[in-house]
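A.B. asks: My questions will all concern the structure given below.
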Amino acid sequence: MRYLEIVDIYERIEATTKRLEMTDFLVELFKKTPKEIVDKVIYLTQGKLYPDFVGIELGIAEKLAAKAISMTCGVDQEDVEKHLNEKGDLGLVAEQLTKSKRQATLFSKPLSVKGVYDTLEKVAKASGEGSMELKLRLLSGLLADAEPKEAKYILRTVTGKLRLGIADMTLLDALATAYTESKENRVLIERAYNLSSDLGDVAKTLAEKGPNGIKKYRVKVNRPIRMMLAQRLGVPEEILEKLGGEAACEWKYDGERVQIHKKGIEVTLFSRRLENITLQYPDACELAGKQLKAEEAIVEAECVAIDPETGELLPFQELMHRRRKYGIEEAKEKFPVSLYLFDVLYADGEDFTEKAYSERRKKLKKITRESERLKLAESLVTGDAKKIMQFFDKAVEAGCEGLILKSRSGTYQAGARGWLWIKLKRSYQSKIIEPIDVVIVGAFHGRGKRSGSYGALLGAVYDKEKDVFATICKIGSGFTDEDLKNLPSMLAPHAIKHMHARVLSEFKADVWFTPAAVIEIIGDELTLSPVHTCAYGVIREGSGIAVRFPRFTGRWRTDKAPEDATTVEEIVEMYRAQLKKIEEVQ
Ligand code: AMP
């Protein structure tokens, strides 16, 4: 298969403003792809070579990439950089300069997908002495054979800037259509993906072995399971009703979620976004290695910063000190962490994802040797709303965000935000809505004091059913001067020419972004709005839901992918809960 065939589809995907068309293009791509390389095509389309959890990144520095262009096209490196400053996209520079080179080259051979993948793999894996020269040679070799538009995408891929904004769910839809007849298979494919977090492997199994192969997919240690997420509701009575009258209430610790994989003495940690963060927390690994009694296990915990003097819980922000590659030993002493275990998904050959919560909790207790630094999340089983609120207050007093109420009979729904876990979070003030996470999909230029930066950002929430981002507010306050200064450069990598195909907006933003960056905001209340598309027509015909007086809380939710932002469904629930509260007061 020629690389050019993929590139043609990328160009069409980039140009479309319709999500369904995007899916159709992907179906066309899979139908053309030989079975044995469908995994590679998937990874390349996502701008990577492996699933994220493998942790091998392509990103080579722009300077080195510019040098490769200069070598291949016979242009001074300074000129390449000058073009880069003008265009802001090394891919476009490569396309343009390759065009002029083309006329002069006669002996190039067409690039195959496998050839491009294998070379990029060598580039990614090259390390140590002489690796820069090797990377340069490999990249120039590719460019010498590349058509101009191939050069554009190769450059974007190696510099980590291929951002087509295709969601995993869109790829799953396309896979189901391309490889199976029945829609029901979509569920099976999604399940396999949720248990493995490896779309490439799922696609290859599906292409080669069909739906039966997919049915046999199993949980495996060191391959992260996509995490189960919680819905939210405002009052405990409603939660109890949803959960059948009784709930296992657990403290909602304010830290970073980790999925701990243990194999013998070896421990691996995966973040909420399924990145391998083992090296960041050697202390957590040591605790888990010593205190998990199972030989092999997959458990989940919240990793929380604690005060080294008192052992008290500290807020999430303190963990920022641990987000580093160097000086980890020192940081470990100064900013220690504790682990609060809340689930077990696998233990010594047994898959627990299909078992009930109460059984999982029992097993978790059995395989854990608890200590001050590693213990099970505080929990209380009750059907009494008053007791829940007392337990809630206790949690907040101890430094937690609130509670997560769990169905005792519920299974572990990998990758899903269902009603088996429901969070009850602390509000900042009673009238103000609790914080929500929005995706930045556009921005408006600032004026006066804010000229040169943005006056407001266009925030959206995720509509899971339609797989789109629907706008909910324009956020102009809560930013510090420092934030304002940095906003344009922070968001620049996501800028695109038109509204993204997965964004639903009635506003015409000055700048559009691929849905990527997630921020936390608070607001006064939710109101009906004719201009925002969130839950459009759900509550009232011709209206969506908006946040009134939204403000940035200062939290960039880098731990969240855009699809992990607050959902339209959650907003509708919040709106209804708010209505109820108002009625109660009146
Ligand atoms: P949110 O990030 O607001 O959607 O809340 C869900 C997050 O709460 C999870 O991803 C965990 O990181 C965190 N969390 C803290 N304590 C618990 C707990 N006991 N059970 C489940 N999740 C918890």
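A.B. asks: With the checklist (1) out of contact with any Lys or Arg (no Cβ under 6 Å at 6 or more places or on another chain); (2) touching a residue at least 60 places away in the same chain (Cβ under 8 Å) in hand, flag the one item Thr98 doesn't pass.
C.D. replies: Failing condition for Thr98: (2).
A.B. asks: Could you please find all residues in the range 490-527 being assigned to a strand (DSSP E or B) and either farther than 23 Å from Ala561 by Cβ or open to solvent by less than 10 Å² (accessible area, probe 1.4 Å) (or both)?
C.D. replies: Passing the criteria: Val503, Phe513, Val518, Ile519, Glu520, Ile521, Gly523, Glu525, Leu526, Thr527.
A.B. asks: For residues that are at pLDDT below 95 and out of contact with any strand residue (DSSP E or B) (no Cβ under 6 Å at 6 or more places or on another chain), scanning just the range 221-239, find the one that is nearest to the ligand (Cβ to nearest atom).
C.D. replies: The residue in question is Gly234.
A.B. asks: Here is a further query. Restricting the search to the range 244-254, which residues are open to solvent by 10 Å² or more (accessible area, probe 1.4 Å) and either of a type in the set (S, T, N, Q) or within 14 Å of the ligand (Cβ to nearest atom) (or both)?
C.D. replies: If the condition is that a residue be open to solvent by 10 Å² or more (accessible area, probe 1.4 Å) and either of a type in the set (S, T, N, Q) or within 14 Å of the ligand (Cβ to nearest atom) (or both), then Trp251, Lys252, Tyr253, Asp254 are the ones that fit.
A.B. asks: For the range 326-340, check the following and say yes or no: at least one residue is at pLDDT 95 or above, within 16 Å of the ligand (Cβ to nearest atom), under 17 Å from Met227 (Cβ atoms) and not β-branched (Val, Ile, Thr).
C.D. replies: Looking for residues that are at pLDDT 95 or above, within 16 Å of the ligand (Cβ to nearest atom), under 17 Å from Met227 (Cβ atoms) and not β-branched (Val, Ile, Thr), one finds at least one in the range 326-340, hence yes.
A.B. asks: Hey, another quick one. Within the range 528-551, which residues are surrounded by fewer than 17 Cβ atoms within 10 Å (Cβ to Cβ), of a type outside the set (A, V, I, L, M) and not in a loop (DSSP other than H, G, I, E, B)?
C.D. replies: Once the filter is applied, which keeps residues that are surrounded by fewer than 17 Cβ atoms within 10 Å (Cβ to Cβ), of a type outside the set (A, V, I, L, M) and not in a loop (DSSP other than H, G, I, E, B), the range 528-551 yields only Arg548.
A.B. asks: Right, something else. Could you please find all residues in the range 341-392 being closer than 16 Å to His261 by Cα, part of a strand (DSSP E or B) and open to solvent by less than 20 Å² (accessible area, probe 1.4 Å)?
C.D. replies: Of everything in the range 341-392, those that are closer than 16 Å to His261 by Cα, part of a strand (DSSP E or B) and open to solvent by less than 20 Å² (accessible area, probe 1.4 Å) turn out to be Leu341, Asp343, Val344, Leu345, Ala347, Thr368, Leu374.
A.B. asks: Same structure again: Evaluate the range 82-100: report whether one residue or more is at pLDDT 90 or above, outside any helix (DSSP H, G or I) and out of contact with any strand residue (DSSP E or B) (no Cβ under 6 Å at 6 or more places or on another chain).
C.D. replies: no
A.B. asks: Still on this structure, please answer the following. Quick check on Ala395: is it part of a loop (DSSP other than H, G, I, E, B), within 14 Å of the ligand (Cβ to nearest atom), open to solvent by less than 20 Å² (accessible area, probe 1.4 Å) and not assigned by TED's automatic domain parsing to the domain that holds Ile519?
C.D. replies: Taking the combined requirement at face value, the residue does not satisfy it.
A.B. asks: Where residues in the range 255-292 are open to solvent by 40 Å² or more (accessible area, probe 1.4 Å) and in contact with a Phe, Trp or Tyr (Cβ under 8 Å, 6 or more places away or on another chain), which of them is nearest to the ligand (Cβ to nearest atom)?
C.D. replies: Glu275
A.B. asks: Could you please let me know if Gly410 is within 14 Å of the ligand (Cβ to nearest atom), more than 18 Å from Ile522 (Cα to Cα) and not in a strand (DSSP E or B)? Step through it out loud before you land on a result.
C.D. replies: Working: within 14 Å of the ligand (Cβ to nearest atom): yes; more than 18 Å from Ile522 (Cα to Cα): yes; not in a strand (DSSP E or B): yes.
Judged against the criteria, Gly410 is a match.
A.B. asks: Still on this model: So how many residues does the range 50-63 have that are open to solvent by less than 30 Å² (accessible area, probe 1.4 Å) and aliphatic (A, V, I, L, M)?
C.D. replies: To start, the set of residues in the range 50-63 that are open to solvent by less than 30 Å² (accessible area, probe 1.4 Å) comprises 51, 53, 58, 60.
In the following step, the residues that additionally are aliphatic (A, V, I, L, M) were identified as 58, 60.
The qualifying residues number 2.
A.B. asks: Take Glu563 and decide whether it is within 14 Å of the ligand (Cβ to nearest atom), open to solvent by 30 Å² or more (accessible area, probe 1.4 Å) and either at negative phi or not assigned by TED's automatic domain parsing to the domain that holds Glu465 (or both). Give the derivation first.
C.D. replies: Working: within 14 Å of the ligand (Cβ to nearest atom): yes; open to solvent by 30 Å² or more (accessible area, probe 1.4 Å): yes; either at negative phi or not assigned by TED's automatic domain parsing to the domain that holds Glu465 (or both): yes.
So Glu563 passes the test.
A.B. asks: Residue by residue through the range 169-201, note down the ones that are farther than 29 Å from Ile298 by Cα and in contact (Cβ under 8 Å) with a residue 40 or more places away in the chain.
C.D. replies: If the condition is that a residue be farther than 29 Å from Ile298 by Cα and in contact (Cβ under 8 Å) with a residue 40 or more places away in the chain, then Ala174, Thr177, Ala178, Tyr179 are the ones that fit.
A.B. asks: Among the numbered criteria (1) in a strand (DSSP E or B); (2) farther than 30 Å from Thr353 by Cα, which single criterion is violated by Trp421?
C.D. replies: Of (1) in a strand (DSSP E or B); (2) farther than 30 Å from Thr353 by Cα, only one is false for Trp421: (2).
Results for (1) open to solvent by 10 Å² or more (accessible area, probe 1.4 Å); (2) among the acidic types (Asp, Glu), shown as yes or no for each residue.
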site	(1), (2)
Ala151	no, no
Ile154	no, no
Gly165	yes, no
Asp168	yes, yes
Ile189	no, no
Gly200	no, no
Glu208	yes, yes
Ile214	no, no
Lys220	yes, no
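A.B. asks: Can you confirm whether the range 442-455 contains a residue that is more than 16 Å from the ligand (Cβ to nearest atom), assigned to a loop (DSSP other than H, G, I, E, B), of a type in the set (A, V, I, L, M) and touching a residue at least 40 places away in the same chain (Cβ under 8 Å)?
C.D. replies: Checking the range 442-455: not a single residue is more than 16 Å from the ligand (Cβ to nearest atom), assigned to a loop (DSSP other than H, G, I, E, B), of a type in the set (A, V, I, L, M) and touching a residue at least 40 places away in the same chain (Cβ under 8 Å).
A.B. asks: A further question follows. What do you reckon, is Leu287 part of a helix (DSSP H, G or I), of a type in the set (A, V, I, L, M, F, W, C) and modelled with pLDDT of 95 or more?
C.D. replies: Here the answer is yes, as Leu287 does meet what is asked.
The values are calculated or read from the model by the stated rules, or taken from the named source; none is laboratory data. These figures come from a predicted structure and were not determined experimentally. With ideal geometry, Cβ positions are generated from the backbone for all residues, glycine too; neighbour counts draw on all protein chains shown. These area figures cover heavy atoms from the full protein model, side chains too; ligands, DNA and RNA do not enter into them. Shrake-Rupley method; radii C 1.70, N 1.55, O 1.52, S 1.80 Å.
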